[in-house]
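J.: Following this message is one structure expressed as structure tokens.
FYI, it's all coordinate maths here, none of it is from the lab. Note that this is a predicted model, so its numbers are computed, not measured. Cβ coordinates were reconstructed from backbone atoms using ideal geometry, including for glycine residues, and neighbour counts include every protein chain displayed.
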């Protein structure tokens, strides 16, 4: 029925028709009117057709209407990701987002210009929201406030700039107080010019109460706090069976005599992957990459599978993990623990010592890991002479990984690594220390082998001709590269055509050597598209891979589980494009939640410094200069904020718009992009999720430099690849 309707509405001689006229034109009898109405409603809700004010139906594209998902940044600007992957992203100005919220499915009218006024290619395609097709979120978390006449809630999400009016709450357990965190069910919101209204459905408690900060994030991002009972029963029943030779089944290669090892962060419990490297004939090497065989236990359509699919991935908040699978599997039966028999899916490579792949084989295996290493242990061992066989294997693996890395960058991969921070909490959930995580050679060892396995899996999928999920990272729009190039030129950084990859690689190397290079490199990252899942192998821009997928983390990513099934079992069934979009959304949701959980702890940590009257001094990097102040990135906190010129009391700074710098009239001090400054916290705005800094007094600055404060120990990153 849907195809018949779309074919009719797409005919050249079709004129907008109402329900009865469509029924007649399709040659349907009156008894099928209800079926037709229901199908038209489905098509309208999907955004593929539109019903006009007079009740007549047309195809959306005929009226320049494009359905898709709108993503809104913290400045209020929207970006439409069209349902049609062949269409480019549309920019939605803040004034044109209507009542859309971040993540909603919307219908957008694309802006067009009169004939003869051709749009310059440098300008972004724009549009405006005309209809909300489906709300992504019906409940909002925020802080309850009261004016003279009414109660209202300030949303935690800064992408929702409107306060929500609420009546006095009823039947919510305990009576909320002004300042409490609450959950609001959003009512119909029809006009951006009026504040939305809602109803308080849950009181979380005072924001300073222990646990409320994380509970707010769990509710805001709709993260589950427990598994359904039937899912737990299923997982426990599987775990009780354990691993046996008979359970492993025929055709599984026994690799238990191989010196297999795992390398993971010190606090990891779900060990997805293991490796083994041994010499082969003819001065070659044989590499085994073992990945936990989750697909052996989680069968399509089971309760476990449905729950994992819904969650999409594990979420790593600052104080806890929300796992994709119950711990009986994720931390036990599927985790490649040392000394335990475990089932895997294996990719075996035959390579030259220079890293060229000569042969690749995929097969199910059973292993028994010899040892669980942490990244710190591997980093320390690589700096010492080998003392035992496993130590020697690590040395050989390191050499191979570095050759693979060199070959990857030579082939065009972009060096986009940035250090990360890990927040360690005390037993009460307060910040104990912040550790700097560098992408050192111990991480690169595993990273290169995982990248190799992911690429091999993608190539294998194509050779089998089976539909599956691919990890894609599309190139940035030419206009974004041109805007970035112009920004570089204002900072006297010469560069050529950035759509030419060798030139882009030269630029990134140049930025690594400049004092303000890190700040400019951040600007390049902002110009890039976000990696996502798709059914088409569109390639990976950052990694410079023609074929790429996710294969190496099936314990914590459902996409990898789908890929395992496609490689070793049968082609996945169901709506794969919808699944790709769903998993891209759950990944984005988890990433936002993880970021907010870190920020919540950091804001509380910095607010306590202000309350104590003894704020610490931090090293900062100037990333942007404006006429009202300058923005700084503080690596030791993993935060950026504004140093407002009004906070500088001992001088008056003049802004030079041409050279993009500030000059002090009295001291003649110059502040420009890339400058290193020492700052202290000045203001914490938890509502806007912003922090302001101020320049630290000279005494504090010299003290920081002398003591080497705020240079925390390096630790290990959780995320292994940029893909």
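J.: Region 600-659: D in µm²/s via Stokes-Einstein (Kirkwood Rh, Cα pairs, 25 °C, 0.890 mPa s)?
T.: Translational diffusion coefficient: 186 µm²/s.
J.: Using a 10 Å cut-off on Cβ atoms, rank the peptides 618-625, 661-668 from the highest mean neighbour count down.
T.: Packing order, densest peptide first, comes out as 618-625, 661-668.
J.: Could you tell me the center-to-center distance, by alpha carbons, between region 247-294 and region 465-543 in angstrom?
T.: Comparing the Cα centres of region 247-294 and region 465-543, I get a distance of 34 Å.
J.: Averaging sequence separations of C-alpha pairs under 8 Å and six or more residues apart, then dividing by the length of the chain, give the relative contact order as a whole percent.
T.: Computed over the chain, the figure is 10 percent.
J.: Run the Debye formula on the Cα coordinates of region 489-639, all scatterers equal and no solvent, and tell me log10 I(q)/I(0) at q = 0.17, 0.18, 0.21 1/Å.
T.: Debye output, listed in q order: -1.14, -1.18, -1.31.
J.: Something else about it: Note down the Stokes-Einstein diffusion coefficient of region 438-537 in µm²/s, whole number, using a Kirkwood radius over alpha carbon pairs, 20 °C, and 1.002 mPa s.
T.: Translational diffusion coefficient: 134 µm²/s.
J.: So for region 2-61, Kirkwood radius off the Cα pairs, Stokes-Einstein at 10 °C and 1.306 mPa s: how many µm² s⁻¹?
T.: 139
J.: Given the peptides 69-78, 272-281, arrange them by the average over their residues of other C-beta atoms within 10 Å, most packed first.
T.: 272-281, 69-78
J.: Cα centroids of region 310-353 and region 400-434: how far apart, whole angstrom?
T.: 19
J.: Let me make sure I get this right: for the chain, a, b and c are the square roots of the gyration tensor eigenvalues over alpha carbons, sorted descending. Under 1.5 in a/c it's rounded, otherwise prolate if a/b > b/c, else oblate. Which is it? Mind dumping the intermediate values first?
T.: Values: a/c = 1.41, a/b = 1.05, b/c = 1.34.
It is rounded, given that a/c, with a ≥ b ≥ c, falls under 1.5.
J.: Going by C-beta contacts inside 10 Å, put 288, 189 in order with the fewest on the left.
T.: Placing the least packed residue first, the sequence is 189, 288.
J.: Relative to the compact globular guide of 2.2 N^0.38 Å, what is the alpha carbon radius of gyration of region 211-331, as a ratio? Present the calculation step by step, with values, prior to reporting the outcome.
T.: Working: Rg = 18.1 Å, N = 121, 2.2 N^0.38 = 13.6 Å.
Taking N as the residue count of region 211-331, the ratio is 1.33.
J.: 222 nm [θ] for the chain, helices only, -39500 (n - 2.57) per DSSP H run of 4+, per residue, to 500?
T.: Value at 222 nm, helices only, nearest 500: -9000 deg cm²/dmol.
J.: Suppose we keep just the DSSP beta bridges with both residues in the chain; what percent of those would be antiparallel, to 5?
T.: Roughly 90 percent of the beta bridges in the chain run antiparallel, per DSSP.
J.: Ranked by Cβ crowding within 10 angstrom, fewest neighbours first, how are 345, 689, 53 ordered?
T.: Numbers: 345 26, 689 17, 53 5.
Going from least to most buried by this count: 53, 689, 345.
J.: What number, in percent, do you get for the relative contact order of region 139-220 if the mean sequence gap of Cα pairs under 8 Å and at least 6 apart is divided by its residue count?
T.: 29
J.: Okay, moving on. How big is Rg to Rh over region 1-152, alpha-carbon atoms, Rh as the Kirkwood inverse-mean-distance radius?
T.: Computed over Cα atoms, the ratio is 1.08.
J.: Output the relative contact order of region 1-78, whole-number percent, from Cα pairs under 8 angstrom with separation of 6+ residues.
T.: Over region 1-78, the number comes to 28 percent.
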